[in-house]
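The values are calculated or read from the model by the stated rules, or taken from the named source; none is laboratory data. Bear in mind that the values here come from a model prediction, so they are computed numbers and not experimental data. So basically every Cβ, Gly included, is an ideal-geometry build from the backbone, and we count neighbours across all protein chains shown.
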Amino acid sequence: MTTRERAMLHPNYSVDDRGHFCIGGVDSVMLAKKYGTPLYVLDEDAVRRNCRTYYSSVKKHFPPGSTAIYASKALSFKRIYPVINEEGLGADVASAGELYIAKSAGFPMEKILFHGNGKSEADIRFALECSIGCFVVDNREELDTLNRCAGEMGIRQKIQLRLTPGIDPHTFDAVNTGKIDSKFGTAIATGQAFSLTSYALTLRNLDLQGFHCHIGSQIFDDRPFCDAADIMLDYIATVRDKTGFTASVLNLGGGFAVRYTHDDPEISIEENIARLGSHIMDRCGELHIPVPAIILEPGRSIVADAGVTLYTVENVKTIEDYKNYVTVDGGMADNPRYALYRSPYTVLIANRAAANPDALYTIAGRCCESGDMIQEDVPLPAPQRGDIAAVLVTGAYNYSMASNYNWLCRPALVMLRGGTETLAIRHETFADLAACQL
Ligand code: LLP
């Protein structure tokens, strides 16, 4: 495969006549020079296309009332929320902080779903004050606290219960959240989910809509989702038979995968949703239960391929007979995913994106930590100080997982729409780093 072909991993990536890597039709080398590096670039047109795929597929293949809700933990900042809203999606928030950002961006609070396995009373009160649409309740203590706070505030709050169906989607362990021994939710297999459900139905200030599960992340096919749906629909039927309560909502969480490299298979979200939809209809028919509205919570597959990160090459170090290191001006502080999960990435020299590789290079970050890498053994044309390195498919879980380790400033984020760019997040300054310190 040529370097140019490697660069064209997604339809919004290209290489121009000068051999510069482009995203959303915009020259990445120009962006790096204009805004400085490290720099996150987000192609808003690609985010919108991904939202539309979910919106239309859910409308077409799922029962009426079904929706897609963006899991904003993947990438949460003010300017993303209007985009998500305009494209007809709701938003899931995983903390009061994400809720605060969504609210300050004017996102409609009735379209918010509040997640988390450790919500504090302050979090719960804040979300109630915001009049959010729905809580996804993880455990009994949360249920009690929410019921009490809602009562004190004169609110009847919609909830879903987060359950663990016990599915292993064969993904990497650190992001596998649906197994029985998961820290999230309440297990169906142990009978605890049923106790929690029966209890929730007795609480006067809570209005149980249905059940939620999230089986994991970076899942390439619909099979694990169909398996999870089977378990959840069986559970809905059991609850109906034993209590008379019929869930009107089944939330199957997020988790559809994204191609990070050419080794990953192509994935069609619409085809997966179509298969999942017909599977759910069939299963509801067999169980003689009304088909619930289905919710999906995609995060990664909305934003990942819309993003790239640009770095400046600081030095190239060859350990003879061992390894070639290319050190860039960022690393695990702006992208901890290789350090945490050994996640694969496609890396290019953006200013020579058509030049063929001469050797394998390991992209090292600048943090004082040996594990600070972006990727190992990448084929590149001999990098030099001052080159721009582009790491592709970084729109999800990069900015949102960034830290200030070693007191590095978090990078700026530029958004692209119709071939023009806007600065959406400015580069942090040393003053920002010191701002909270008294
Ligand atoms: N819903 C719930 C309840 C979740 O916990 C998650 C992700 C999602 C939806 C969105 O899943 P997605 O469509 O993005 O796969 N930091 C890890 C990913 C952690 C995912 C946690 N939960 C990574 O960088 O790969």
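Name every residue in the stretch 225-247 that is of a type in the set (S, T, N, Q) and either over 22 Å from C134 (Cα atoms) or touching a residue at least 60 places away in the same chain (Cβ under 8 Å) (or both), in order of residue number.
Of all residues in the stretch 225-247, those of a type in the set (S, T, N, Q) come to 238, 243, 246.
Once the filter is applied, which keeps residues that are of a type in the set (S, T, N, Q) and either over 22 Å from C134 (Cα atoms) or touching a residue at least 60 places away in the same chain (Cβ under 8 Å) (or both), the stretch 225-247 yields T238, T243.
Considering only the stretch 395-409, I want to know if a residue exists there that is outside any helix (DSSP H, G or I), farther than 23 Å from Y13 by Cα, within 16 Å of the ligand (Cβ to nearest atom) and modelled with pLDDT of 95 or more. Outline the logic, then answer.
Within the stretch 395-409, the first condition is being outside any helix (DSSP H, G or I), and the residues that meet it are 395-398, 402-404, 408-409.
If we keep only those that are farther than 23 Å from Y13 by Cα as well, we get 402-404, 408-409.
Going one step further and asking which of them are within 16 Å of the ligand (Cβ to nearest atom), we end up with 402-403.
With modelled with pLDDT of 95 or more added as a condition, the list becomes 402-403.
Yes: the stretch 395-409 contains one or more residues that are outside any helix (DSSP H, G or I), farther than 23 Å from Y13 by Cα, within 16 Å of the ligand (Cβ to nearest atom) and modelled with pLDDT of 95 or more.
With a cut-off of at least 1 residues that are of a type in the set (G, A, S) and either surrounded by 22 or more Cβ atoms within 10 Å (Cβ to Cβ) or away from the ligand (no atom under 16 Å from the Cβ) (or both), name the strands (runs of 3 or more DSSP E) lying wholly within the stretch 6-92. Quick ask: steps written out before the conclusion?
Working: elements: 13-15, 21-23, 39-43, 67-71.
In the stretch 6-92, the matching strands (runs of 3 or more DSSP E) lie at 13-15, 67-71.
Filter the stretch 189-218 down to the residues that are within 16 Å of the ligand (Cβ to nearest atom) and of a type in the set (V, I, T) and list them by number.
I215
Looking only at the stretch 22-37, count every residue that is closer than 16 Å to G386 by Cα and touching a Gly at 6+ places or on another chain (Cβ under 6 Å) and tell me the total. Spell out how you get there, then give the answer.
Taking the stretch 22-37 first, the residues closer than 16 Å to G386 by Cα are 28-37.
From what is left, the residues that are touching a Gly at 6+ places or on another chain (Cβ under 6 Å) are none.
Number of matching residues: 0.
Just checking, which of A364, A339, A359 is within 14 Å of the ligand (Cβ to nearest atom), free of Cβ contacts under 8 Å to residues at least 60 places away in the same chain and not aromatic (F, W, Y)? Write out each step before concluding.
Working: A364 fails: within 14 Å of the ligand (Cβ to nearest atom); A359 fails: within 14 Å of the ligand (Cβ to nearest atom).
The conditions single out A339.
Looking at G97, G118 in this structure, which one is part of a helix (DSSP H, G or I) and either within 16 Å of the ligand (Cβ to nearest atom) or in contact with a Leu (Cβ under 9 Å, 6 or more places away or on another chain) (or both)?
Residue meeting the stated conditions: G97.
From the list T318, T327, pick out the single residue that is within 24 Å of V29 (Cβ to Cβ) and of a type in the set (S, T, Y).
On the way: T318 fails: within 24 Å of V29 (Cβ to Cβ).
After ruling out the rest, the residue left standing is T327.
Taking P298 as the residue in question, decide whether it is more than 15 Å from the ligand (Cβ to nearest atom), touching a strand residue (DSSP E or B) at 6+ places or on another chain (Cβ under 8 Å) and farther than 23 Å from G365 by Cα. Explain how you work it out, then say what you get.
Details: more than 15 Å from the ligand (Cβ to nearest atom): no; touching a strand residue (DSSP E or B) at 6+ places or on another chain (Cβ under 8 Å): yes; farther than 23 Å from G365 by Cα: yes.
Judged against the criteria, P298 is not a match.
Give me the pairs, please: first residue somewhere in the stretch 104-122 and at positive phi, second residue anywhere and aromatic (F, W, Y), beta-carbon distance under 9 Å, and either six or more positions apart or on two chains.
What qualifies is G106/Y81.
Give just the number: which of (1) in the same structural domain as D27 (by TED's automatic domain parsing); (2) surrounded by fewer than 16 Cβ atoms within 10 Å (Cβ to Cβ); (3) not charged (D, E, K, R) does S268 not satisfy?
Every listed condition holds for S268 apart from (1).
Looking at H10, H61 in this structure, which one is in contact (Cβ under 8 Å) with a residue 12 or more places away in the chain and over 13 Å from G307 (Cα atoms)? It would help to see each step written out before you state the result.
Details: H10 fails: over 13 Å from G307 (Cα atoms).
That would be H61, the only listed residue that is in contact (Cβ under 8 Å) with a residue 12 or more places away in the chain and over 13 Å from G307 (Cα atoms).
Please go through (1) surrounded by fewer than 16 Cβ atoms within 10 Å (Cβ to Cβ); (2) under 26 Å from the mean Cα position of the chain (by Cα); (3) of a type outside the set (S, T, N, Q) for L201 and return the number of the only condition it doesn't satisfy.
(2)
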